[in-house]
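**Q** Quick one: this structure, given as structure tokens, is what I'll be asking you about.
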Amino acid sequence: MDALEEESFVQSISSASDAEFGAMVGYLEDIIMDDEFQLLQRNFMDKYYQEFEDTEENKLTYTPIFNEYISLVEKYIEQLLERIPGFNMAAFTTTLQHHKDEVAGDIFDVLLTFTDFLAFKEMFLDCRAEKEGWT
């Protein structure tokens with residue numbers, strides 16, 4: 001295989017990988033924007049938003065809430081993604097970090113709350129600010 005063929009081969013693998021990633025993001029976007037997911041997330045946030053305070057210090061109570069959220073959301077999403085052979089949420093979130101500039105901001109922010117505690121906390125602070133009229 002000469003250099004030109006090798007480069008073309010690598011580009012086709014990369015393009016297939018990018019297309020697969022794009023399809024996965026589109027599918028996750030459909031899940032996240034679905035009324036059922038929105039209700040699940042809203043009910044969870046309504047249950048815990050008053051626990052969160054806009055301070056540098058993170059309370060010990062945040063950790064079990066974060067873990068419960070991850071468990072709830074991942075379980076919900078993974079049940080829907082079981083239809084996709086070979087899907088792995090951990091691998092996807094790693095890939096997501098490398099492609100974050102290619103994903104719409106709102107979708108990326110929601111996906112980030114699954115793995116990034118500070119994004120998760122910010123989501124709750126935004127919710128609290130909205131409910132208590134801070135904005």
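The values are calculated or read from the model by the stated rules, or taken from the named source; none is laboratory data. As the structure is a prediction and not an experimental result, all values here were calculated from the model. Positions of Cβ are backbone-derived with ideal geometry, glycine not excepted, and every protein chain shown enters the neighbour counts.
**Q** Which residue pairs have Cβ atoms closer than 7 Å, lie 6 or more positions apart in sequence or on different chains, and pair a first residue in segment 93-121 that is within 20 Å of Gly22 (Cβ to Cβ) with a second residue that is aromatic (Phe, Trp, Tyr) and at pLDDT 80 or above?
**A** Listed pairs, sorted by first residue: Thr93/Phe114.
**Q** Tell me which residues, restricted to segment 66-85, are without any contact (Cβ under 8 Å) to a residue 24 or more places away in the chain and either within 18 Å of Ile31 (Cα to Cα) or surrounded by 15 or more Cβ atoms within 10 Å (Cβ to Cβ) (or both).
**A** Ser71, Lys75, Glu78, Gln79, Glu82, Arg83, Pro85, listed by residue number.
**Q** OK, next. Looking at (1) part of a helix (DSSP H, G or I); (2) within 10 Å of the chain's Cα centre (by Cα), which is the one condition that is false for Lys75?
**A** Condition (2) is where Lys75 drops out.
**Q** While we're looking at this one, here's another question. Among the listed residues Glu20, Glu51, identify the single one that is surrounded by fewer than 16 Cβ atoms within 10 Å (Cβ to Cβ), out of contact with any Cys (no Cβ under 7 Å at 6 or more places or on another chain) and touching a residue at least 12 places away in the same chain (Cβ under 8 Å). Even if it seems obvious, please write down each step before you answer.
**A** Values: Glu20 fails: touching a residue at least 12 places away in the same chain (Cβ under 8 Å).
Result: Glu51 is the single residue among Glu20, Glu51 that is surrounded by fewer than 16 Cβ atoms within 10 Å (Cβ to Cβ), out of contact with any Cys (no Cβ under 7 Å at 6 or more places or on another chain) and touching a residue at least 12 places away in the same chain (Cβ under 8 Å).
**Q** Output the residues belonging to segment 38-70 that are under 14 Å from the mean Cα position of the chain (by Cα) and farther than 17 Å from Ala119 by Cβ.
**A** Answer for segment 38-70, where residues must be under 14 Å from the mean Cα position of the chain (by Cα) and farther than 17 Å from Ala119 by Cβ: just Gln38.
**Q** Turning to a different aspect of this structure: Please go through segment 48-57 and pick out each residue that is within 15 Å of Glu130 (Cα to Cα) and of a type outside the set (Ser, Thr, Tyr). Talk me through it step by step, then tell me what you get.
**A** Taking segment 48-57 as the starting set, the residues that turn out to be within 15 Å of Glu130 (Cα to Cα) are 48-54.
Selection gives Gln50, Glu51, Phe52, Glu53, Asp54.
**Q** So Thr55 ticks every box in (1) at pLDDT 85 or above; (2) among the β-branched types (Val, Ile, Thr); (3) in contact with a helix residue (DSSP H, G or I) (Cβ under 9 Å, 6 or more places away or on another chain) but one. Which box is left unticked?
**A** All conditions pass for Thr55, except number (3).
**Q** Of all the residues that make up segment 84-132, how many are in contact with a Phe, Trp or Tyr (Cβ under 7 Å, 6 or more places away or on another chain), over 23 Å from Glu56 (Cα atoms) and outside any helix (DSSP H, G or I)?
**A** Let us first name the residues in segment 84-132 that are in contact with a Phe, Trp or Tyr (Cβ under 7 Å, 6 or more places away or on another chain), namely 93, 95, 99-100, 113, 117, 120-121, 124-125, 127-128, 131.
Then drop every residue that is not over 23 Å from Glu56 (Cα atoms), which leaves 93, 95, 99-100.
Narrowing the set further to residues that are outside any helix (DSSP H, G or I) leaves 99.
Residues in segment 84-132 being in contact with a Phe, Trp or Tyr (Cβ under 7 Å, 6 or more places away or on another chain), over 23 Å from Glu56 (Cα atoms) and outside any helix (DSSP H, G or I): 1 in total.
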